[in-house]
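**Student:** The structure follows.
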Amino acid sequence: MAFGYDYTHSEIGANGEEYITFMTCPERLDNNGLRYGPAIYILNDHIKNCATVFRFLWQFGRPLGFEQIAVLKEETICDTEVPALMNKLGISIA
């Protein structure tokens, strides 16, 4: 299930972590052809059984300014739960 823009969902790695990331508005490129705009990063830790949600900004073609906005203990997030979680956190998709 895709949500937002440029949605990416990794597999669970050997360290028990997986991630979901997406932009909250359509991708834009700066004058150098590098991505910029607001985005969300969800880190699922299956060993600790928790999910951490971050807001960040793509700028100069790389992710910058990570801000932790939620820690969900005793749960990990799957694709189908992302829209409801974003609504709960007050994060809108343009």
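**Student:** So, in the range 3-59, of the ones that are touching a residue at least 60 places away in the same chain (Cβ under 8 Å) and out of contact with any Asp or Glu (no Cβ under 8 Å at 6 or more places or on another chain), which residue ends up surrounded by the most Cβ atoms within 10 Å (Cβ to Cβ)?
**Tutor:** 4
**Student:** So residue 94 clears everything in (1) open to solvent by less than 60 Å² (accessible area, probe 1.4 Å); (2) in contact (Cβ under 8 Å) with a residue 40 or more places away in the chain; (3) hydrophobic (A, V, I, L, M, F, W, C) except one condition, right? Which one?
**Tutor:** So the condition that residue 94 fails would be (1).
**Student:** Something else: Out of the residues in the range 60-83 that are over 17 Å from residue 7 (Cα atoms) and either touching a His at 6+ places or on another chain (Cβ under 9 Å) or not in a strand (DSSP E or B) (or both), which is most open to solvent (accessible area, probe 1.4 Å)?
**Tutor:** Looking at residues that are over 17 Å from residue 7 (Cα atoms) and either touching a His at 6+ places or on another chain (Cβ under 9 Å) or not in a strand (DSSP E or B) (or both), I get 74.
**Student:** Residues that are more than 24 Å from residue 94 (Cα to Cα) and of a type outside the set (Ser, Thr, Tyr), at least 1 per element: which strands (runs of 3 or more DSSP E) completely within the range 5-54 meet that?
**Tutor:** Per the criteria, 17-23, 35-45.
The values are calculated or read from the model by the stated rules, or taken from the named source; none is laboratory data. In this text, all values refer to a predicted model and were calculated from it rather than measured experimentally. As a convention, Cβ positions derive from the backbone with ideal geometry for all residues, glycine included, and neighbour counts pool all protein chains shown. Note: accessible area is taken over every heavy atom of the protein model, side chains too, but ligands, DNA and RNA are not part of it. Shrake-Rupley method; radii C 1.70, N 1.55, O 1.52, S 1.80 Å.
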